[in-house]
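Only one structure is covered here, and it is reproduced in the block below.
Throughout, read-outs are computed from the coordinates displayed, never taken from laboratory work. Only a predicted model underlies this, so the values are computations on that prediction, with no experimental measurement involved. Note: ideal-geometry Cβ built from the backbone for every residue, glycine included; neighbour counts use all protein chains shown.
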Amino acid sequence: MKENLNDLLAFLSVARERNFTRAAAQIGVSQSALSRTVQALEKHIGMPLLTRTTRSVSLTDAGEQLVSTIAPRLAEIDAEIDLLRSSHYRAAGTVRITTTDHAAKTYVWPRLQPLLREYPELKIELVNAYGLTDIVADRYDIGIRLGDQIAQDMIATRIAPDLTMAIVGSRAYFASKPAPQNPQELMLHNCINLRLPTRNSLLPWELRKGKRQLQVRVEGQLIFDNVYQITDAALDGFGLAYVPKDLVEPYVQTRQLSWALTDWFPTFTGLHVYYPSRRKSSRAVELVVETLKAGYLGAGNR
């Protein structure tokens, strides 16, 4: 059986004040109740902790030893609690974010750099993953995903414009194999796949043309877990890539890559930052969310 923390705190109060009346007033109990608490603690320990007279209260050797043992530890606990409480109201501590590589490089990291310089006590843990992470179970503070991927019980704020996905291939690749004229012809091509966290799961190529929607399961020599390696492989002529349009547009402009099936490019609701509605956010989390949102609004998107 372990001593009740309240009993130890009551004893420490008497030890500090050397007086039951003052100690009782300090912790908000009656003198008789405090006396009974200390007596019960002494009975459990098996030796007296205090020497009581009609005029004074002093510590026994056992009482001195107990005070020297527990007082520093309780002071450390108080200090840690104060630190946690203060960090909740200032931009300090670690903010864990789950997002994707393209979102992190394009929107998250550029916007957070000035914030990190302004608040040196703020720490960011940025984890790139294409799975639909359960941010509560996996103990993330916030997540960043496309708007239509976010659960309805989350608080979500847009931080980026709509995202269009594109299919591209290099000039060298198309020199050896003509560009597909319809989605079915993708099966005849060497397509570069994106691995999802779930085992044996690859991202399907979702295509849209007017009201028509297709999900194509493509095949090819290469599978990567991030869109930057996929883009590099496409630039090197290893096949077709299905990647964010804004990522490869510069390469199309320089003719290193060419579009394919442009009338089937799908557009999705833009990236949102989200977090649980029932969780009280720290000041650090609030600042990160505000900064990501401001970057979007500051670009003239309202």
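Note down the nm distance, to one decimal, between modelled labels 7 Å out along Cα→Cβ at S58 and at F224.
Rounded to a tenth, the inter-label distance reads 7.9 nm.
May I ask you to compute the full-extension gain from D78 to R255, defined as 0.36 nm times their residue separation minus their alpha-carbon distance, rounded to one decimal in nm?
57.4 nm
With runs of 4+ DSSP H residues as the only contributors, calculate the mean residue ellipticity of the chain at 222 nm using -39,500 (n - 2.57) per run, divided by the residue total and rounded to the nearest 500. All intermediate terms of the calculation are to be shown ahead of the outcome.
Numbers: 9 runs with 114 residues, N = 302.
Value at 222 nm, helices only: -12000 deg cm²/dmol.
Give me the one-decimal nm value for the distance between modelled label points at E121 and E290, 7 Å along each residue's Cα-to-Cβ direction.
1.6 nm
Which entry is the computed Kirkwood radius over Cα pairs in Å for this structure: (1) 21.7; (2) 24.3; (3) 19.5?
The listed entry that was calculated here is (2).
At 30 angstrom or more along the helix axis (alpha-carbon based) and mean Kyte-Doolittle of -1.0 or higher, what helices does the chain contain? Whole DSSP H runs only. If you can, show how the numbers build up before the last one.
On the way: long enough: 61-89 (43 Å, -0.10).
Helices meeting the span and hydropathy rule in the chain are 61-89.
Can you classify segment 163-268 as rounded, prolate or oblate using the Cα gyration tensor, where a ≥ b ≥ c are the square roots of its eigenvalues, rounded means a/c under 1.5, and otherwise it's prolate if a/b beats b/c and oblate if not?
Here segment 163-268 falls in the rounded category.
If I stretch the segment between A137 and L202 completely, what's the gain in nm (0.36 nm per residue apart, minus their alpha carbon distance), one decimal? Present the calculation step by step, with values, prior to reporting the outcome.
On the way: separation 65, 0.36 × 65 = 23.40 nm, distance 2.37 nm.
Full extension from A137 to L202 adds 21.0 nm.
Could you rank the peptides 28-38, 94-104 by their average count of other C-beta atoms within 10 Å per residue, with the highest value first? If you can, show how the numbers build up before the last one.
Working: 28-38: 15.5, 94-104: 20.3.
Top to bottom by mean Cβ count within 10 Å: 94-104, 28-38.
How much of the DSSP beta bridge set in the chain is antiparallel, as a percent to the nearest 5?
Expressed as a percentage, antiparallel bridges in the chain total about 70.
How much length is gained if the chain between M47 and A175 is pulled fully straight, taking 0.36 nm per residue apart and subtracting their Cα-Cα distance, in nm to one decimal?
36.8 nm
Using the alpha-carbon centroid of each, what span in Å lies between segment 126-176 and segment 29-48?
After rounding, the separation between the Cα centres reads 60 Å.
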